[in-house]
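Visitor: Supplied in structure tokens, the structure appears directly below.
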């Protein structure tokens with residue numbers, strides 16, 4: 001365990017040299033706590049999503065929404081409400097800067113057969129059923145922007161769970177379009193989208 | 001000069017250096033826009049022929065409402081625009097003729113945008129007009145977000161143009177309050193980053209079908225003659241117009 005934590009501090013030190021604002025008060029404690037579930041290089045680990053390469057503003061917003069208990073699905077309640085309870089906005093910001101600078105790897109864990117359908121749905125939506133394109137907000141390569149998260153390469157299991165939970169009414173206080181959009185997706189559409197996105201680099 | 005029958009008496013019109021016989025049967029509207037520039041009267045531009053209105057079917061209130069919600073998901077609940085990965089333009093208060101023409105342009109390939117192509121291709125003409133009317137009647141406050149310090153310079157360009165580089169006053173066509181007219185769009189309250197993106201890429205996105213020159217040709221030389229910082233200034237100014 002000591003070796004595990006030490007290696008994490010070494011990574012932090014490397015990043016800290018590149019991001020000056022991190023050097024001082026960034027507690028190793030919060031990084032250490034993250035790695036237990038999100039993996040030592042923040043690539044995610046079932047059930048926790050990959051954080052590496054995530055948009056900084058999105059990560060900050062999520063951390064604050066755990067604190068405010070507005071992000072309220074079962075795993076959030078069980079793990080993240082406690083983990084984020086004592087994070088100051090400043091620490092949340094520094095953590096988010098650190099995580100956004102880590103290179104993301106694609107999970108590649110979806111169903112290959114569904115990727116093509118998922119891609120069409122991601123890019124064009126389904127105008128006949130009034131489902132909008134995902135790409136217009138999340139980017140042509142699912143890279144995200146500002147407070148809109150990067151989706152490319154996230155785990156199939158995480159994406160599927162999140163998309164399903166929107167439809168079940170979790171996180172209803174989130175920024176406007178998502179609850180409504182995801183609530184309209186059929187289980188098959190969610191399968192296809194989550195599969196496609198898990199392969200996007 | 002384009003070839004045509006010798007006895008063809010349809011008037012010749014010039015659009016961006018190309019001569020065309022003015023279509024008679026499909027012509028819906030001729031809008032003459034004369035700008036007293038130093039050089040010349042710009043052009044007489046005709047709108048591309050309207051899609052065959054064979055699909056005049058009734059649109060139920062329920063179907064229309066679902067489609068309105070579809071549009072609003074990206075363009076904002078009151079059509080005020082929204083910033084996703086791309087800035088999605090304000091539709092509220094837009095001229096119905098412009099709105100309708102753009103939807104057809106996406107479908108016909110005159111305006112290149114793959115997202116709007118798929119969004120618009122299944123819309124009937126009745127639905128297009130119903131949506132145009134719905135969004136015309138909305139009047140939310142501008143979304144804002146433009147750098148206010150550029151607005152003064154933008155106002156000057158908007159009202160006076162830039163004589164040295166042949167940029168006409170925007171208000172000559174778009175109106176003193178930037179409300180637009182017919183196929184010329186309202187700019188008031190438009191997202192400044194959307195405006196910037198469109199004007200910088202004008203010749204790559206609009207007027208993309210040489211067989212169907214459309215009203216976007218009017219804007220081409222002006223988009224070309226404006227510098228990026230001048231566009232940013234105009235966009236900041238109109239972005240706050242109500």
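Residue-by-condition table, conditions (1) touching a residue at least 12 places away in the same chain (Cβ under 8 Å); (2) touching a helix residue (DSSP H, G or I) at 6+ places or on another chain (Cβ under 8 Å); (3) under 22 Å from residue B:80 (Cβ atoms); (4) not in a helix (DSSP H, G or I):
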| site | (1), (2), (3), (4) |
| --- | --- |
| B:153 | yes, yes, no, no |
| B:173 | yes, yes, no, no |
| B:186 | yes, yes, yes, yes |
| B:190 | yes, yes, yes, yes |
| B:203 | yes, yes, no, no |
| B:211 | no, no, no, yes |
| B:218 | yes, yes, no, no |
| B:242 | yes, no, yes, yes |
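Visitor: Go through region A:127-158 and count every residue that is outside any helix (DSSP H, G or I) and surrounded by fewer than 17 Cβ atoms within 10 Å (Cβ to Cβ).
Guide: Kept after step one, since they are outside any helix (DSSP H, G or I), are these residues of region A:127-158: A:130-134, A:139-155.
Checking which are surrounded by fewer than 17 Cβ atoms within 10 Å (Cβ to Cβ) leaves us with A:140-141, A:146-147.
Qualifying residue count, region A:127-158: 4.
Visitor: Sticking with this one: In region B:125-154, what count of residues is obtained for those that are more than 21 Å from residue B:184 (Cβ to Cβ) and surrounded by fewer than 16 Cβ atoms within 10 Å (Cβ to Cβ)?
Guide: 8
Visitor: Only one residue in A:131, A:120 is more than 7 Å from chain B (Cβ to nearest Cβ) and without any contact (Cβ under 8 Å) to a residue 40 or more places away in the chain, so which one is that? Spell out how you get there, then give the answer.
Guide: On the way: A:131 fails: without any contact (Cβ under 8 Å) to a residue 40 or more places away in the chain.
Just one listed residue meets the conditions, A:120.
Visitor: It is to be established whether one or more residues within region A:100-113 are under 17 Å from the mean Cα position of the chain (by Cα), in a helix (DSSP H, G or I), closer than 30 Å to residue B:123 by Cβ and away from every other protein chain (no Cβ under 14 Å).
Guide: Pass one, region A:100-113, residues under 17 Å from the mean Cα position of the chain (by Cα): A:100-110.
Those still in the list that are in a helix (DSSP H, G or I) too: A:100.
Okay, now just the ones that are also closer than 30 Å to residue B:123 by Cβ, so none.
For region A:100-113, residues under 17 Å from the mean Cα position of the chain (by Cα), in a helix (DSSP H, G or I), closer than 30 Å to residue B:123 by Cβ and away from every other protein chain (no Cβ under 14 Å): absent.
Visitor: Here is a further query. Checking residue B:222 against (1) in contact (Cβ under 8 Å) with a residue 40 or more places away in the chain; (2) out of contact with any helix residue (DSSP H, G or I) (no Cβ under 8 Å at 6 or more places or on another chain); (3) more than 23 Å from residue B:113 (Cα to Cα), which test does it fail?
Guide: (3)
Visitor: Of the residues A:95, A:151, which is over 28 Å from residue B:127 (Cβ atoms) and within 12 Å of chain B (Cβ to nearest Cβ)?
Guide: Working: A:95 fails: within 12 Å of chain B (Cβ to nearest Cβ).
Result: A:151 is the single residue among A:95, A:151 that is over 28 Å from residue B:127 (Cβ atoms) and within 12 Å of chain B (Cβ to nearest Cβ).
Visitor: What is the one condition in (1) surrounded by 13 or more Cβ atoms within 10 Å (Cβ to Cβ); (2) modelled with pLDDT of 95 or more; (3) not in a helix (DSSP H, G or I) that residue B:59 does not satisfy?
Guide: Only one criterion is unmet by residue B:59, namely (2).
Visitor: Suppose the filter is surrounded by 16 or more Cβ atoms within 10 Å (Cβ to Cβ) and either in contact with a strand residue (DSSP E or B) (Cβ under 8 Å, 6 or more places away or on another chain) or within 27 Å of residue B:72 (Cα to Cα) (or both); does residue A:97 pass it?
Guide: Working: surrounded by 16 or more Cβ atoms within 10 Å (Cβ to Cβ): yes; either in contact with a strand residue (DSSP E or B) (Cβ under 8 Å, 6 or more places away or on another chain) or within 27 Å of residue B:72 (Cα to Cα) (or both): no.
No: the conditions fail for residue A:97.
Visitor: Please verify whether residue A:163 is in contact (Cβ under 8 Å) with a residue 40 or more places away in the chain, assigned by TED's automatic domain parsing to the domain that holds residue A:128 and crowded, with 18+ Cβ neighbours inside 10 Å, treating the condition exactly as stated.
Guide: Numbers: in contact (Cβ under 8 Å) with a residue 40 or more places away in the chain: no; assigned by TED's automatic domain parsing to the domain that holds residue A:128: yes; crowded, with 18+ Cβ neighbours inside 10 Å: yes.
The answer is no for residue A:163.
Visitor: Further question on the same structure: State which residue pairs qualify: first residue in the same structural domain as residue A:57 (by TED's automatic domain parsing) and inside region A:84-95, second residue at pLDDT 90 or above and surrounded by fewer than 18 Cβ atoms within 10 Å (Cβ to Cβ) in any location, beta carbons under 7 Å apart, and separation of 6 or more residues or different chains.
Guide: A:89/A:64; A:92/A:64
Residue-by-condition table, conditions (1) part of a helix (DSSP H, G or I); (2) within 12 Å of another protein chain (Cβ to nearest Cβ); (3) crowded, with 21+ Cβ neighbours inside 10 Å:
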position: B:73; (1), (2), (3): yes, yes, yes
position: B:78; (1), (2), (3): no, yes, no
position: B:85; (1), (2), (3): no, yes, no
position: B:102; (1), (2), (3): yes, no, yes
position: B:110; (1), (2), (3): no, no, yes
position: B:117; (1), (2), (3): yes, yes, no
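Visitor: Would you check if residue B:122 is within 14 Å of another protein chain (Cβ to nearest Cβ) and either in contact (Cβ under 8 Å) with a residue 24 or more places away in the chain or crowded, with 21+ Cβ neighbours inside 10 Å (or both)? Break it down into steps so the answer makes sense when it comes.
Guide: On the way: within 14 Å of another protein chain (Cβ to nearest Cβ): yes; either in contact (Cβ under 8 Å) with a residue 24 or more places away in the chain or crowded, with 21+ Cβ neighbours inside 10 Å (or both): no.
No; evaluated as a whole, the condition is false for this residue.
The values are calculated or read from the model by the stated rules, or taken from the named source; none is laboratory data. Just so we're clear, the structure is a prediction, and the values are computed from it rather than from any experiment. Counting neighbours? That spans all protein chains shown, and the Cβs are built from the backbone with ideal geometry, glycine included.
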